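Inspection log for the structure reproduced underneath, given as structure tokens.
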Protein chains: 2
Amino acid sequence: MHGDQAFAVDARLAADSCRLGQLFGNEVLLFNEQRYDWLVLVPQVVGAVELFDLNRTQQQQLAAALEHVALRLQQHGRGDKLNIGALGNVVRQLHVHVLLRTEGDPAWPGPVWGHSPRQALSTEALAQAAARWRQLLQLD
Amino acid sequence: MHGDQAFAVDARLAADSCRLGQLFGNEVLLFNEQRYDWLVLVPQVVGAVELFDLNRTQQQQLAAALEHVALRLQQHGRGDKLNIGALGNVVRQLHVHVLLRTEGDPAWPGPVWGHSPRQALSTEALAQAAARWRQLLQLD
């Protein structure tokens, strides 16, 4: 069905984030949000919407990427509780949010999704944060 | 650290749900909520808080249980978009929400978590829903 299409990250996801690189067949994005250390994984699979649209190998690659970024977020990010979510109610392209939460953060203890408008970083701060996370995630 | 403790589902999760059974080392709960077909998986691992507190085998078992319930939710549940989340901001015990959403549902397109108070089923309706999902999930 999608055989002729090249993979591309959804334009809305791309607009709200900075690309860090790729990991085991997944795009790794830094969500452009001041208040949280927030990554998004997007499997490079044309047409995937649900987790189980991925074949077994793609699922294992996503799991490996998820573990890689989750452990480094926990080690180096602000906060101490991972929140992981695959919703896709707005952007249908399969993507997985992985972010760190802290007791008392703006949305605590509710979810960050739908809580409040995104608070973007400045262009310079976003570039700095992206460079830092590329290094911490060994995506250079 | 937790070697002497027996596994038990967190009391708050248990109070808000009906146990359906177990699947590949995970408790399967039907969340007691009228508006959504909503399951919760709880790995039977004492002290687990984050996804990667599970060892490789436990992760694979959780993934297998997740696939099993997700596919049957999509096939038999109300709605057409899966929402999968592991948050744990309130209840720390590792648990994964798997539910179906529909465009225009009460929380659409935001997350269900933190949206509004739970609307419980009657005792009879909960027992009926639990029996139906036990059969559909082959947990009898």
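The values are calculated or read from the model by the stated rules, or taken from the named source; none is laboratory data. All of these numbers come straight from a predicted model, not from anything done at the bench. Counting neighbours? That spans all protein chains shown, and the Cβs are built from the backbone with ideal geometry, glycine included. In case anyone asks, the SASA skips ligands and DNA or RNA and just uses the protein heavy atoms, side chains included. Shrake-Rupley method; radii C 1.70, N 1.55, O 1.52, S 1.80 Å.
Close amide-amide hydrogen proximity is noted between B:Leu20 and B:Val28, B:Leu29, B:Leu30, each under 5 Å apart and 5 or more residues distant or on a separate chain (H modeled in the peptide plane; Pro and chain starts excluded).
Using Cα pairs under 8 angstrom and six or more residues apart, how large is the relative contact order of segment A:73-128, in percent?
28 percent
Note on A:Arg92 and B:Ala127: the model spin-label points, each 7 Å out from Cα along the C-beta direction, lie 4.2 nm apart. Taking 8 Å as the Cα distance limit and 6 or more residues as the minimum spacing, I'd like the relative contact order of chain B as a percentage. Relative contact order of chain B: 27 percent.
In a DSSP loop and with at most 16 other Cβ atoms within 10 Å, the chymotrypsin sites (Phe, Trp or Tyr not before Pro) in segment B:1-70 are B:Phe7.
Taking Cα centre as origin and charging only the Cβ of basic (Lys, Arg, +1) and acidic (Asp, Glu, -1) residues, the dipole magnitude of the protein assembly as shown rounds to 100 debye. Size of segment A:61-105 from its Cα atoms: along the principal axes, largest to smallest, the extents are 29, 26, 10 Å. When B:Val9, B:Val42 are compared by accessible area of protein heavy atoms, the largest-first order is B:Val9, B:Val42, using a 1.4 Å probe. Simple spin-label estimate for A:Gln75 and B:Arg78 gives 4.6 nm between the two label positions (7 Å along the Cα-to-Cβ direction from each Cα). According to the calculation over all Cα-Cα pairs in segment B:11-136, the P(r) per 5 Å bin from zero is 2, 11, 22, 25, 21, 14, 5, 1 %. Counting only heavy atoms of the protein chains and using a 1.4 Å probe, B:Ile84 has close to 20 Å² of accessible surface. Rounded to the nearest 10 Å², what accessible area does B:Leu30 show when all protein chains are kept and the probe is 1.4 Å? Taking all protein chains as shown, B:Leu30 has close to 10 Å².
Computed from label points 7 Å out along Cα-Cβ, the spacing between B:Asp10 and A:Asp16 is 2.5 nm. For the pair segment A:1-65 / segment A:74-140, the C-alpha centres are spaced 14 Å from each other.
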